[in-house]
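Everything below concerns the one structure shown next.
Computed from the coordinates by the stated procedures, all read-outs in this text should not be read as laboratory data. This one's a predicted model, so the numbers in the text were calculated from it and none came from an experiment. All Cβ positions, even for glycine, are placed from backbone atoms using ideal geometry, and neighbour counts span all protein chains on display.
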Amino acid sequence: MFSKAKFPLLILLFLLFVLLGDRIPFKPVSNASLQTRTTLNNFMLGLFPKKQPTNPYERTEKAIEKQEQGAQ
């Protein structure tokens, strides 16, 4: 069905579709290209965990709040 020689051509056509498909004036094709690109972007971003910044002063701030509540 597929030969090894056709595989790079198929990959190239897919990349062109994703990169340039929204410039095609036909609505179904442009919408599909945009949706495919959005899905691929979300997938790639989902591979990496979001790094939550840590507050190095959190423990100190909680201790101060606890001390202030105890003093009142």
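Details
- Each residue in segment 1-31 was checked for being of a type in the set (D, E, K, R), farther than 18 Å from residue 41 by Cα and assigned to a helix (DSSP H, G or I), and 3 pass.
- Verdict on residue 62 being of a type in the set (D, E, K, R) and not in a helix (DSSP H, G or I): no
- Taken over segment 13-72, the criterion of being within 22 Å of the chain's Cα centre (by Cα) and of a type in the set (Gly, Ala, Ser) is satisfied by 21, 30, 32, 33, 46.
- Residue check, residue 5 surrounded by 10 or more Cβ atoms within 10 Å (Cβ to Cβ) and not polar (S, T, N, Q): no
- Candidate set from segment 32-59 (those that are polar (S, T, N, Q) and assigned to a helix (DSSP H, G or I)); member that is nearest to residue 13 (Cα to Cα): 33
- In segment 28-53, the residues that are touching a helix residue (DSSP H, G or I) at 6+ places or on another chain (Cβ under 9 Å) and of a type in the set (Lys, Arg): 37
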